[in-house]
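Comments concern the structure below.
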């Protein structure tokens with residue numbers, strides 16, 4: 001029996017118990033348990049096909065063919081790797097897509113200003129750079145005032161420099177907004193850089209949990225940072241190089 005409930009944020013922003021999701025008789029998620037506290041930043045790592053994105057889609061309410069219990073806040077938003085902007089709508093109109101009622105343009109412009117894209121509110125999506133398009137996607141998520149922000153590899157298609165800027169932006173937005181964040185990523189360094197807690201998914205369950213007790217902003221040259229990164233790489237079956245383990 002499946003339960004997917006919207007509820008007010010209380011002691012947990014996310015509560016998942018006994019979650020199972022099967023495809024063609026194969027359990028991609030198998031009796032999974034997960035709690036995320038209000039305001040906590042959690043990163044989810046795992047090999048391709050381990051069920052990370054499936055879990056995120058379930059939390060977003062996009063996949064309800066499940067067994068188990070999933071409790072999430074009513075106010076939630078999701079940003080995917082592909083910005084998914086409608087090319088026939090200007091940027092500010094894309095930000096307001098799906099909002100109930102008739103929100104004013106000023107609502108969109110406030111969110112665009114917050115992500116540093118206010119000057120592009122009248123632009124067409126095809127004129128945006130990759131980084132700008134991803135910021136527009138973040139603005140569309142933030143305008144919903146979420147208690148839970150779900151990010152599915154949002155920086156995966158960006159070049160290295162743009163990715164660093166986007167990571168910093170997400171960290172700043174999270175600290176300013178105070179919402180819970182679940183970030184699905186393949187990038188171990190990104191997970192340690194941003195998260196309070198890093199989870200490794202394997203075999204359809206959360207196989208490992210790593211608390212990241214480093215001051216912010218974090219320094220990738222810090223030996224403690226390198227040790228955490230090396231340990232997580234090992235959990236993922238990747239042997240760290242001498243430089244990474246140093």
Listed residues 38, 87, 125, most fluctuating in the chain (Gaussian network, C-alpha, under 10 Å): 87
For q values of 0.16, 0.22 Å⁻¹, compute log₁₀ I(q)/I(0) with the Debye formula on a Cα-only model of the range 85-145, without solvent. -0.38, -0.74
Build a GNM of the chain with springs between Cα atoms under 10 Å: which of 129, 121, 137 gets the top mean-square fluctuation? 129
Kirkwood hydrodynamic radius of the range 115-246, Cα pairs, Å: 16.2
When the helix-only estimate is applied to the chain (DSSP H runs of n ≥ 4, each -39,500 (n - 2.57), divided by the residue count), what is the mean residue ellipticity at 222 nm, nearest 500 deg cm²/dmol? -9000 deg cm²/dmol
Mind checking which of 123, 230, 136 has the largest fluctuation in a GNM of the chain, springs on alpha carbons under 10 Å? 123
Segment residue 224-residue 145, extension gain: residue separation times 0.36 nm, minus the distance between their alpha carbons: 25.0 nm
Relative contact order for the chain, counting Cα pairs under 8 Å that sit 6 or more residues apart, in percent: 24
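How high is the FRET efficiency from residue 24 to residue 69, r the C-beta distance, R0 30 Å, rounded to 0.05? Write down the numbers at each step before the final one.
On the way: r = 24 Å, r/R0 = 0.79.
Between residue 24 and residue 69 the formula returns 0.80.
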Rounded FRET efficiency, nearest 0.05, which uses the C-beta distance separating residue 84 from residue 236 and R0 of 30 Å: 0.60
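For the range 49-117, take N as its residue count and report Rg(C-alpha) divided by 2.2 N^0.38 Å.
Output field value: 1.38.
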Give me the extension gain from residue 35 to residue 157: residue separation times 0.36 nm, minus the current Cα-Cα distance, reported in nm with one decimal. 41.0 nm
Write down Rg/Rh for the chain, rounded to two decimals, with Rg from the C-alpha atoms and Rh from the Kirkwood relation over Cα pairs. 0.97
When DSSP beta bridges are limited to those with both residues in the chain, what percentage is antiparallel, rounded to the nearest 5? 40
Length-normalised contact order of the range 85-145 in % [C-alpha pairs under 8 Å, at least 6 apart]: 46
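Every number here is computed from the coordinates shown, using simple stated rules; none is lab data. Keep in mind that what you see is a predicted model, and the values were worked out from it rather than measured. We place every Cβ from the backbone using ideal geometry, glycine too, and count neighbours over all the protein chains shown.
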